[in-house]
Amino acid sequence: MDWRGAAKGELAADSIDIPLRERLARIRATVDALIPADRMAPVERAIAELSESGLAGRILPFSSVAPAFSLPDQSGRVASSADFLSRGPLILVFYRGRWCPYDVTTLEAWNQWLPRIQALGATLAAISPQKLQHTSFTADQHKLQYPVLSDAGNAVARQFGLIYRLPEYLQQHYRRVFVNLNNSNGDNTWELPLPATYVLDRNGTVLHARADPDFRLRAEPAEVLASLEQKRK
């Protein structure tokens, strides 16, 4: 999977001034240049079907109260939403796994915004279905300075309405490109969360909710934080 490394290498030195959407667009351009369209056809088909399913419109919506949770972080310590919320607003970034260059680029982009997040009195945490070993490796490899949580069996993501099962043809595609979800997630469900960004106020009420059926698109950190700052005025 040399294209992943190539894409990430180009983005490693990006400053906070480079919007996330631009970084993700560069990854897509690299993929499009290196991988023939017919090999990406299963991915494009799955994105279209997931978009048509309407799942993104059924996620836990704005103004709902988010479910409480406790999950292990990258150090194996149990982190709870109650503890996070006791400090202020909580930003949750749901991602699929470290095998996805769009995911790790998103995690690194959020890492750059930590000073502003902290200045707003908020906490940032990322959640994926990866086993703790892979979660720890993600945080270490990408130098993430915020809690990265392991959501075994997608238990928490399921409560947010984010879960879908990969169709058989996409499972076969992932096997061909050596994306071993059974190993990284520790189960054989072939389930993943939609990439999503949530902002919760201190009471756990959803202030912002976005999920993307197209994993190549993500919420822009600067826009999420500007919205949070406005709501706090």
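Quick notes on this structure:
- Selection count where residues are buried (at least 16 other Cβ atoms within 10 Å of the Cβ) and free of Cβ contacts under 8 Å to residues at least 40 places away in the same chain, scope the stretch 172-195: 2
- Selection of the stretch 163-194 for residues being acidic (D, E) and either in a strand (DSSP E or B) or within 25 Å of W110 (Cβ to Cβ) (or both) yields only E191.
- Some residue of the stretch 53-64 being over 18 Å from V199 (Cα atoms), at pLDDT 95 or above and assigned to a helix (DSSP H, G or I): yes
- Residue within the stretch 138-152 that is surrounded by fewer than 18 Cβ atoms within 10 Å (Cβ to Cβ), part of a loop (DSSP other than H, G, I, E, B) and either among the aromatic types (F, W, Y) or on the phi > 0 side of the Ramachandran plot (or both) present: yes
- Meets criteria (outside any loop (DSSP other than H, G, I, E, B) and either farther than 30 Å from A41 by Cβ or touching a Cys at 6+ places or on another chain (Cβ under 9 Å) (or both)) for T197: no
- Sole residue being part of a helix (DSSP H, G or I), within 16 Å of D103 (Cβ to Cβ) and touching a residue at least 40 places away in the same chain (Cβ under 8 Å), chosen from A125, A157: A157
- Residue list for the stretch 70-94, restricted to those being part of a loop (DSSP other than H, G, I, E, B) and touching a strand residue (DSSP E or B) at 6+ places or on another chain (Cβ under 7 Å): D73, Q74, G88, P89
- Looking only at the stretch 95-132, and only at residues there that are among the basic types (K, R) and touching a strand residue (DSSP E or B) at 6+ places or on another chain (Cβ under 7 Å), the one that is surrounded by the fewest Cβ atoms within 10 Å (Cβ to Cβ): K131
- If you go through the stretch 66-82 and pick out every residue that is closer than 21 Å to H208 by Cβ, surrounded by 12 or more Cβ atoms within 10 Å (Cβ to Cβ) and not hydroxyl-bearing (S, T, Y), you end up with 6.
The values are calculated or read from the model by the stated rules, or taken from the named source; none is laboratory data. Note that the coordinates shown come from a computational prediction; the quantities given were computed from them, not determined experimentally. As a convention, Cβ positions derive from the backbone with ideal geometry for all residues, glycine included, and neighbour counts pool all protein chains shown.
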